[in-house]
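Read the structure below first, then the notes.
The values are calculated or read from the model by the stated rules, or taken from the named source; none is laboratory data. Here the structure is a predicted model, which means the values were calculated and not measured. For neighbour counting, all protein chains shown are included, and Cβ atoms are generated from backbone atoms with ideal geometry for every residue, glycine included.
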Amino acid sequence: MALMRRSLLQGSLGFAAGSPLARPYIANAQAKTMSAWFAQGFVEDEDIALRKAVAGYEKASGNKVELSIIPFAPQRQKIVSAITSGVVPDVTQNNPAEILPLYAWQDKWIETEDIVETQKARFSETALKSAQAYNDVTKKRAYYGVPLRGACVPCHTWKSLVEKADMKMADRPRTWEGYFDFYKKVQDNLRKKGERKVYGLGFQVTANGVDPAALFNAFMHGYGGQGIVTPEGNLNLDARIREAAIKAAEYLGGAYRDGYVPPSAINWNDADDNNAFHAKLMVMDVDGTISTEVAVKAKHPEWYFDEIVTDGLLYPTTNDGKPITCITAMLNAVIPKGAKNVPVAKEFLKFLIQPEVLQDTVETGLGRNLPPMPELAKTPFWQNPKDPHLKGYVQQGLLGPTQPDYYVFNPAMAEVYAQHVYSKAMIAVAKKGKATDAVDAAFNEIKEIFAKYPIKQS
């Protein structure tokens, strides 16, 4: 199956390639050069789409973009080094996502409201919120990002392993604990059949990477604990939040303690659960994006189309049957202070966020990431009835109830993640500690971190 996709600049959305929308906002009388750093895509098609967009801007504007596509982890290091030294590109991205609010706090970004305004009516509310951050120098919240694409955390299941355990996918409960308890029963049945190397749950009970925080947040929401940080940036550790955190720590850590999670999970990094899932070490995984599925589409189309199930439309509810608000993280373009060619950088980003350019970029990447505009989820690509993953994924992370990650409201949450506070709670329970003690310790650490990030209320 060819990975290359044709451009969808015309058709379903009614955007003609020759329309004013398809041309960038050109202000230069003389050609200029700007620099841009982006992370390498998960699949080559993502890089091809980016280069295509850059070439389109160069052709229309006469300007030159010195594009650097850098492997994901080294790009993170390069951005931090650049901000620290002051020798910065004209455009880069928030990699990791938390650097948008962290460096906005320090007044390191150029404001971007004039860029966002050109497509503001089309962006989702979550995308718009994710592009904003609080500046501790100016004492106000402003736009510092330009939304490019999003991602959420679906559940991924090997249907073939469920059936091997003589169970049916249709029998899975829709409530939170019932849903995950089902996979424990799958493991129990597989053990009875002599299968010793497959585990029911692929929880990242580890202090490495970003996945554990996303997992813990998902379980907090699953237990009704939405809102640990308010949109105004205030910490909320009330009884409801504490109860949800205790239940999350107990279920996640307890699943590892009780042998339903692979023993190696305690040392996993972000890619390790994907590899373990592809090796069929576990029946299900809770992991961000549909990279798990996209990674096997070319070489194992039978896995993609027949064996792996992505729960977006059938994402579980809370235990009392209420829909769960999905945390959708956004990739934003940013312009560092010290950039040498801000006017061209802004023109370039206005070009990138035209709907047809965003559509082509996201769809060429096989749908691993979500568009930031709801109208772009209604294309034949996302609504394809023959694809078992895309429609549910875009429903969960864009069309259904969503919110930004909590570091958008206060960068203290980025430090909470970096210090692996949630991981410590899960691991404490995994090592037979009490969930109440683990959460109390976690909350004390969170309070100390938030004390360093006071936000003045307007």
Requiring at least 2 residues that are within 19 Å of the chain's Cα centre (by Cα) and under 23 Å from Arg257 (Cβ atoms), the helices (runs of 4 or more DSSP H) wholly within the stretch 407-458 are 421-430
Looking only at the stretch 84-98, decide whether some residue is assigned to a helix (DSSP H, G or I) and either surrounded by 23 or more Cβ atoms within 10 Å (Cβ to Cβ) or not assigned by TED's automatic domain parsing to the domain that holds Glu363 (or both).
no
The residue from Thr328, Thr310, Thr318, Thr292 that alone is of a type in the set (Ser, Thr, Tyr), under 30 Å from Ile110 (Cβ atoms) and touching a residue at least 60 places away in the same chain (Cβ under 8 Å) is Thr328
Filter the stretch 34-52 for residues that are touching a Pro at 6+ places or on another chain (Cβ under 9 Å) and within 22 Å of Glu347 (Cα to Cα) and give the result.
Met34, Ser35, Ala36, Trp37, Ala39
List the strands (runs of 3 or more DSSP E) that sit entirely inside the stretch 120-193 and contain at least 3 residues that are closer than 21 Å to Gln354 by Cβ and either among the basic types (Lys, Arg) or touching a residue at least 40 places away in the same chain (Cβ under 8 Å) (or both).
146-151
Filter pass, Tyr199 being modelled with pLDDT of 95 or more and either more than 30 Å from Ala249 (Cα to Cα) or buried (at least 21 other Cβ atoms within 10 Å of the Cβ) (or both):
yes
Kindly indicate which of Glu111, Glu117, Glu58 is in a loop (DSSP other than H, G, I, E, B), more than 20 Å from the chain's Cα centre (by Cα), not assigned by TED's automatic domain parsing to the domain that holds Ala295 and not hydrophobic (A, V, I, L, M, F, W, C).
Glu111
Within the bounds of the stretch 38-54, is there any residue that is more than 28 Å from the chain's Cα centre (by Cα), surrounded by 12 or more Cβ atoms within 10 Å (Cβ to Cβ), at pLDDT 90 or above and assigned by TED's automatic domain parsing to the domain that holds Pro371?
no
Hey, Pro388 in contact with a strand residue (DSSP E or B) (Cβ under 9 Å, 6 or more places away or on another chain) and either outside the structural domain of Tyr144 (by TED's automatic domain parsing) or in a loop (DSSP other than H, G, I, E, B) (or both) or not:
yes
Can you tell me which of (1) of a type in the set (Gly, Ala, Ser); (2) over 27 Å from Asn208 (Cβ atoms); (3) in contact with a Pro (Cβ under 6 Å, 6 or more places away or on another chain) is the one Ser423 doesn't meet?
(2)
In the stretch 341-358, is there at least one residue being among the polar types (S, T, N, Q), over 27 Å from Val210 (Cα atoms) and in a loop (DSSP other than H, G, I, E, B)?
yes
Check on Lys432, over 28 Å from Leu100 (Cα atoms) and either surrounded by fewer than 20 Cβ atoms within 10 Å (Cβ to Cβ) or not assigned by TED's automatic domain parsing to the domain that holds Asp270 (or both):
yes
Identify the residue in the stretch 53-92 that is of a type in the set (S, T, N, Q) and in contact with a Phe, Trp or Tyr (Cβ under 6 Å, 6 or more places away or on another chain) and, among all such residues, is nearest to Lys346 (Cα to Cα).
Thr92
